[in-house]
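Q: Starting off with a structure, shown below.
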Amino acid sequence: MSRPLTLHVSALNDAEYTTYTNSIHDIVEADAAHAPDYDKLAVGVREARAWLRGRYPALAPSTLDSILRLFSPDLGPADVLTGGQFFAALRLVSHILGGREMDPSLVFIQGVCSYHASDPCATFHLLHETWDKLWAMGSFPPSSSARVLYYIIARVLL
């Protein structure tokens, strides 16, 4: 029997914890007064897919679907991801955007998230932060232009 593809919040390094918990809070409302039990949070797989496609347009839709099918083979409208599965999907996205091939076992390998330009994981987080800043400033380019810009930046930095 293989290990379930899920990550407890304690399995995340500091950079992953910050990025991944902020990401899940973008989708799921949780009680701000109490730390949520991420294993009990549920994110609709289609909602997660839409959010991930918007957040990481450089990731091919077929690759994203391959990741999500590890948790929900049908990607059905009633299918959900636990918080741990969402974290696992984000870690796979991070590894793939860092140049690695899709491999489910990468879920169990922490990203090295220092902030050195030569580090693919750091590049991923830098792009993530830049994306958030552009969005917050309200100067976000139209969707197709954003995808092209994001892709070019990712290729130049990786």
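All of the numbers you see were taken from the coordinates with simple rules; none came from a lab. Not measured: the values here are computed from a predicted model. Positions of Cβ are backbone-derived with ideal geometry, glycine not excepted, and every protein chain shown enters the neighbour counts.
Q: Averaging the inverse of every distinct alpha carbon separation and then flipping it gives the Kirkwood radius. What is it for the stretch 1-109, in angstrom units?
A: After inverting the pairwise mean of 1/r, the radius is 14.0 Å.
Q: Can I ask one more? What is the sum of charges around T82, taking Lys and Arg as +1, Asp and Glu as -1, for the other residues whose C-beta is under 13 Å from the C-beta of T82?
A: Summing Lys and Arg as +1 and Asp and Glu as -1 gives -2.
Q: Just the C-alpha atoms of the stretch 65-107: what Rg/Rh do they give, with Rh taken as the Kirkwood radius?
A: Taking Rh as the inverse mean 1/r over Cα pairs, Rg/Rh reads 0.98.
Q: Here is a follow-up. If one computes the Cα centroid of the stretch 63-86 and of the stretch 1-32, what distance in Å separates the two points?
A: Taking the Cα centre of each part, the stretch 63-86 and the stretch 1-32 sit 15 Å apart.
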